[in-house]
Amino acid sequence: MAGGPAAGGGASSSTFAGIRHWLLLPSWLVIGFFLLLPVLLMLVYSFLTKDFRGGVIWEFSLAAYDQFIFDRGLFGDEPPTIEWIYIQIFWRSIWQALLATILCLVIGFPTAYFIATRPQNTRMLWLFLITVPYWVNLLIRTVSMKFLIRDNGPLNEWFLAAGLLDSPIRMINTDFAVQLGLFYSYLPFMVLPIYASVERYNFALSEAAADLYADRWTALRLVVIPAVSPGIIAGCILVFVPSLGAFLAPDLLGGAKNFMIGSLIEEQFKGNAGNWPFGAAASMILLTMVLIVLMIYARQQARGEREGR
């Protein structure tokens, strides 16, 4: 009897060989129209000239990138000096994103490990408890956080009522508030990938390490973490990248003194006073930074696969 799907085999890999490109066409159209085209438009706009009434003038120049790097005075006729303001904003965004990633990892790893080691019938409940707050819109959650930590908010009132403080702590419009907002916003992005890796982990390896007289911390450092490192790396990227370009938490919780890249870019496209070319240039610089992070991750993954072979 001839083999085939009816005989228990799967469909041949060559079944759709003639039309596979057509099957991919809808995906390529969506990616091209909603991803590549906007990025190309931002790239073009970053090389245009700002119109003082808003928008752009179709005259190509490097003025937007020059504005990011150099300060040439109010009228642009002074000797150029390094523009530290925007560099400081980018640096603040980088270290805030790094700190948010570290905090999410410190909290997210034990949380994911705990959930992955629960009985099978209770894991979904724990995952539900982790994700259910994020069914609410991010804007609403950020405004709620602002209400919670304001000077006369519930958190300070509880501290005062408990006698732990004599006066309210200034938390709103600080780096701490921004960090709290980023941590709260992106913690599940760290927990879920690590949980997926830990769930697939072979715990017999930990038992073998214990048989070889390794203590818990040694087994964790030399056995568990290397085995679940793909989930850890994926979680770090999923937290770091959106934290780097976040603007809701800096705007609502940080105020004008705690600007981050996302806030800077958003301001450039507001009203007639915005500077679209500069906003586009800042966006392209941010995109370049993200691509560098992703390229480093891809190289590490490829190196790990080669070493695994």
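The values are calculated or read from the model by the stated rules, or taken from the named source; none is laboratory data. A quick note: this is a predicted structure, and the numbers were derived from the prediction, not measured. Because the Cβ atoms are built from the backbone with ideal geometry, glycine has one as well, and the counts that use them run over all protein chains shown.
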Scan segment 79-96 and tell me whether some residue there is part of a helix (DSSP H, G or I), in contact with a strand residue (DSSP E or B) (Cβ under 9 Å, 6 or more places away or on another chain) and not small (Gly, Ala, Ser). yes
Subset tally (residues that are free of Cβ contacts under 8 Å to residues at least 12 places away in the same chain and more than 30 Å from Ala208 (Cα to Cα)) for segment 224-279: 3
Give segment 54-78 a look and list any residue that's at pLDDT 85 or above, outside any helix (DSSP H, G or I) and under 31 Å from the mean Cα position of the chain (by Cα), or say none. Val56, Leu62, Phe70
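Yes/no per residue for (1) surrounded by 14 or more Cβ atoms within 10 Å (Cβ to Cβ); (2) modelled with pLDDT of 90 or more; (3) on the phi < 0 side of the Ramachandran plot:
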site	(1), (2), (3)
Ala219	yes, yes, yes
Leu238	yes, yes, yes
Lys257	no, no, yes
Glu266	yes, no, yes
Pro277	yes, yes, yes
Ala281	yes, yes, yes
Ile292	no, no, yes
Ile296	no, no, yes
Quick one: Gln300 ticks every box in (1) under 17 Å from the mean Cα position of the chain (by Cα); (2) surrounded by fewer than 19 Cβ atoms within 10 Å (Cβ to Cβ); (3) in contact (Cβ under 8 Å) with a residue 60 or more places away in the chain except a single one, so which number is it? (1)
With respect to Phe128, determine if the residue is surrounded by fewer than 12 Cβ atoms within 10 Å (Cβ to Cβ) and either part of a helix (DSSP H, G or I) or touching a residue at least 40 places away in the same chain (Cβ under 8 Å) (or both). yes
Looking at Leu62, Leu43, Leu98, Leu23, which one is more than 22 Å from Ser263 (Cβ to Cβ) and either in contact (Cβ under 8 Å) with a residue 24 or more places away in the chain or exposed (fewer than 11 other Cβ atoms within 10 Å of the Cβ) (or both)? Leu23
For Gln179, all conditions in the list (1) modelled with pLDDT under 90; (2) within 28 Å of Ile237 (Cα to Cα); (3) among the polar types (S, T, N, Q); (4) assigned to a helix (DSSP H, G or I) hold save one; what is the number of the exception? (1)
I need the full set of residues from segment 240-250 which are surrounded by 23 or more Cβ atoms within 10 Å (Cβ to Cβ) and among the aliphatic types (A, V, I, L, M), in order please. Leu244, Ala246, Ala249
Of Leu220, Leu287, Leu291, the only residue that is without any contact (Cβ under 8 Å) to a residue 40 or more places away in the chain, closer than 25 Å to Leu35 by Cβ and among the hydrophobic types (A, V, I, L, M, F, W, C) is Leu291
